[in-house]
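I have placed the structure first, in the form of structure tokens, so that the comments after it can refer back to it.
The values are calculated or read from the model by the stated rules, or taken from the named source; none is laboratory data. Worth saying up front: this structure is predicted, and the values here are computed from it rather than measured. Here Cβ is always computed from backbone atoms with ideal geometry, including for glycine, and neighbour counts include all displayed protein chains. Side chains are part of the model used for accessible areas, which takes the heavy atoms of the whole protein and leaves out ligands, DNA and RNA. Shrake-Rupley method; radii C 1.70, N 1.55, O 1.52, S 1.80 Å.
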Amino acid sequence: MYANEDFLIELLTESGNLTQADIESARPHKKAQETIIETLLKSGKLSEEAVAQQLAISSGMDFIDLSKIEVDPGVVAAVDVESALRYKVVPVGFDGSQLFIAVSDPLDFDTLDSLRHVLEYEPEFVCATQAQIRQCILDFYSGELTAEQMRELTTGKVTVAEAGGDKIGASVEGESGDAPIIRLVHQVLQEAYQNRASDIHIEPLENELQLRYRIDGALHKVASHPRRIMSAVVSRIKIMTGTMSIAEKRLPQDGRIQATMGDKDLDLRVSTVPTSSGESVVMRILDKQSLMLGLPELGFMSDDQETFDQLIRLPDGILLVTGPTGSGKTTTLYACLNTINKPDRKIITVEDPVEYLMSGINQVQVKEDVGMTFAAALRAILRQAPNIIMIGEIRDLETASIAINASLTGHLVFSTLHTNDAPSAVARLADIGVKRFLIASAVRAIMAQRLVRHICPDCKQPTELTEKDIRSLKLDASQLAEANIAMGTGCRTCRNTGYKGRKGIFEIFKIDQEVSHLINRNESTPKLRRRAREIGMRTLREDGVRKVLSGLTTASEVVRVTMGDDD
């Protein structure tokens, strides 16, 4: 822990911070591999601050309280995370020629000499406590630390809530055998949140337990752990849900954890699936504040936003949002309700599950085990005289029929479908069993959407498209002449990916009189698509191209999530 313990004990005794009686009383409690100083610190007879102050005085260094200073990010970048972890140091200032480095042990001359060789600038050392240095490493390099590194550094708490809503605090300072597992699980949650992850994947492999985070739609492997801890980790997560059985390992299970990270309330959906190597766990992180978006935050271009804003204010009819799982459909529906939620309107939703409690809106949770299906809930809420209804998803003919009848009797209905593009939603409803004349009469518009990663604003740089990109996006010289093509070069903010955050690309299909006639005549999806293009619908690819030319995303992102218009 400290390089020269005998000298340090002598120094602390001479300064009055320790007595011989303190030292002798600590010896019976000293554990194997533990120094006298560590035993005294643990017992509270000695403080880290007193040790650091005496070390600073004896070495002619300044003592610094790291909790009272702010460090510029540019200064932090002068010491990479590997060096900070290896030598347990942090940068605290720069005067143009010298880099001020906080160390906890000025007597560790090997570390000081090594730092002089590895750092770009001449170091000037100051002394701080080990605890404050560990905390600064966590704060300064949070986006670059693995869960295992955070586990070794931290001595704090993560507060979680059981499914019932009662807060529990799991201390990581305990002596029990389970404490390392509790600490690891909680640090995984904290690290995932700090890195803006939407999913945590804990996967048992043949020789390891793999940890991956989905950040901005892409999976990143962040750590590997010994496979022997798999059962303990999975059991801890199940216990945190309060509803999952730790004894059942043969069947899939679902649960829910409510967690508090700082001042943010998070909702974690937990799913376990038995595999040949053990139980695979996926935790989906829902930041409740992120669901409270308005239309501008979804990523619309100004003309599409104006069109969509008009559609959600219609007096009746069905507005469908389509796309695959994870394309942001639920977020869009919440944004619609958030925009039109007024005191003079009664809004009722039917959801599975209710992802966010919205003020002023009646939200109904589907519970199929007791017969509370989408269809049953819809029949009941129609007797509540709502103006606006949101249905989480149209899954079957019964739900679709009730939704259509509601729209035809003066209600505005929002819902989602799983289709690849907007015109295909008509065929999907017909496949479910809805009569085409009802589709033509009830549906007002269909919007397909995908999510693309946005270029990181901190490392955004102008660039040019490759010939392959130009061919893929079918761009001409006039479009390129006015383009603002950009890319992210990679930085700490975006974890060197070049992207930060995701926004939507959209395909808005308005049902006009001619389209209604085509639906009634049972015309094919390609004919509906051609008519939609004639009346101004941009495809997902075309909307993506606009955002590439505006410097919001990259060509590779648009190509990745959309098909070409000829496909």
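List of remarks:
- Qualifying positions in the range 2-17 - modelled with pLDDT under 80 and either of a type in the set (A, V, I, L, M, F, W, C) or not in a loop (DSSP other than H, G, I, E, B) (or both): A3, E5, D6, F7
- Test result for S59, of a type in the set (S, T, N, Q), under 17 Å from D139 (Cα atoms) and in contact (Cβ under 8 Å) with a residue 12 or more places away in the chain: no
- Residues of the range 494-528 satisfying the condition of being part of a loop (DSSP other than H, G, I, E, B) and touching a helix residue (DSSP H, G or I) at 6+ places or on another chain (Cβ under 9 Å): I511, D512, R521, N522, E523, S524
- Restricting attention to the range 209-219 and to residues that are open to solvent by 50 Å² or more (accessible area, probe 1.4 Å) and of a type in the set (D, E, K, R), the residue that is nearest to the chain's Cα centre (by Cα) turns out to be R214.
- Residue list for the range 347-359, filter: open to solvent by 60 Å² or more (accessible area, probe 1.4 Å) and more than 18 Å from L320 (Cα to Cα): L357, S359
- Test: residue in the range 399-408 that is in contact (Cβ under 8 Å) with a residue 12 or more places away in the chain, under 34 Å from the mean Cα position of the chain (by Cα) and surrounded by fewer than 21 Cβ atoms within 10 Å (Cβ to Cβ): no
- T493 vs. criteria within 30 Å of R196 (Cβ to Cβ) and buried (at least 17 other Cβ atoms within 10 Å of the Cβ): no
- Evaluation of T322 against (1) surrounded by 15 or more Cβ atoms within 10 Å (Cβ to Cβ); (2) modelled with pLDDT under 95; (3) within 30 Å of A385 (Cβ to Cβ) (one fails), failing number: (2)
- Test result for V222, over 12 Å from the mean Cα position of the chain (by Cα), closer than 28 Å to C494 by Cβ and part of a strand (DSSP E or B): yes
- Any hit, the range 172-189, residues being open to solvent by 30 Å² or more (accessible area, probe 1.4 Å), at pLDDT below 85, among the charged types (D, E, K, R) and assigned to a strand (DSSP E or B): no
- Residue check for Y121: open to solvent by less than 10 Å² (accessible area, probe 1.4 Å) and hydroxyl-bearing (S, T, Y): no
Table: residues versus (1) over 21 Å from L320 (Cβ atoms); (2) crowded, with 23+ Cβ neighbours inside 10 Å.
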position	(1), (2)
K510	no, no
E523	no, no
I535	no, no
V548	yes, yes
R560	yes, no
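- Residues satisfying the criterion are absent from the range 282-292 (criterion: among the small types (G, A, S) and either at positive phi or surrounded by fewer than 16 Cβ atoms within 10 Å (Cβ to Cβ) (or both)).
- Under the condition of being over 15 Å from K547 (Cα atoms) and assigned to a strand (DSSP E or B), the residues counted in the range 439-487 number 7.
- Only residues that are within 30 Å of the chain's Cα centre (by Cα) and more than 15 Å from E542 (Cα to Cα) were counted across the range 467-502, and they come to 19.
- Long-range neighbours under 7 Å by Cβ, at least six apart or interchain, first residue in contact (Cβ under 8 Å) with a residue 60 or more places away in the chain and of a type in the set (G, A, S) within the range 482-505, second in a loop (DSSP other than H, G, I, E, B) and open to solvent by 30 Å² or more (accessible area, probe 1.4 Å): A486/T463
- Given (1) of a type outside the set (A, V, I, L, M); (2) in contact with a Ser or Thr (Cβ under 7 Å, 6 or more places away or on another chain); (3) part of a helix (DSSP H, G or I), index of the condition D113 fails: (2)
- Listed by first and then second residue, the pairs with beta-carbon distance under 7 Å, at least 6 apart or on different chains, first residue in the range 314-327 and farther than 14 Å from K510 by Cα, second open to solvent by 10 Å² or more (accessible area, probe 1.4 Å) and assigned to a strand (DSSP E or B), are G323/R450; S327/R450; S327/L451.
- Residue match in the range 539-562 (condition: part of a loop (DSSP other than H, G, I, E, B) and more than 34 Å from the chain's Cα centre (by Cα)): no
- Scanning the range 55-71 for residues that are touching a strand residue (DSSP E or B) at 6+ places or on another chain (Cβ under 9 Å) and under 22 Å from R116 (Cβ atoms) gives L55, A56, S59, M61, D62, F63, I64, L66, V71.
- Which listed residue, of S25, S58, is over 18 Å from A131 (Cβ atoms), crowded, with 16+ Cβ neighbours inside 10 Å and of a type in the set (S, T, Y): S58
- When the range 234-272 is filtered for residues that are more than 22 Å from the chain's Cα centre (by Cα), farther than 20 Å from D352 by Cα and modelled with pLDDT of 85 or more, the ones remaining, listed by number, are S235, I239, S245, E248, K249, R250, L251.
- Among the residues making up the range 79-110, those that are assigned to a strand (DSSP E or B), surrounded by fewer than 18 Cβ atoms within 10 Å (Cβ to Cβ) and not hydrophobic (A, V, I, L, M, F, W, C) are G93, Q98.
Here is a yes/no grid of residues against (1) farther than 23 Å from K500 by Cα; (2) open to solvent by 50 Å² or more (accessible area, probe 1.4 Å):
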site: A430; (1), (2): yes, no
site: K435; (1), (2): yes, yes
site: I439; (1), (2): yes, no
site: A445; (1), (2): yes, no
site: V452; (1), (2): no, no
site: E467; (1), (2): yes, yes
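- Scope the range 407-433; condition in a helix (DSSP H, G or I) and acidic (D, E); matching residues: D431
- Of everything listed in (1) in contact with a Leu (Cβ under 9 Å, 6 or more places away or on another chain); (2) open to solvent by 10 Å² or more (accessible area, probe 1.4 Å); (3) under 30 Å from I318 (Cβ atoms), the single unmet condition for Q479 is (3).
- Restricting attention to the range 225-236, the residues that are open to solvent by less than 50 Å² (accessible area, probe 1.4 Å) and touching a strand residue (DSSP E or B) at 6+ places or on another chain (Cβ under 6 Å) total 3.
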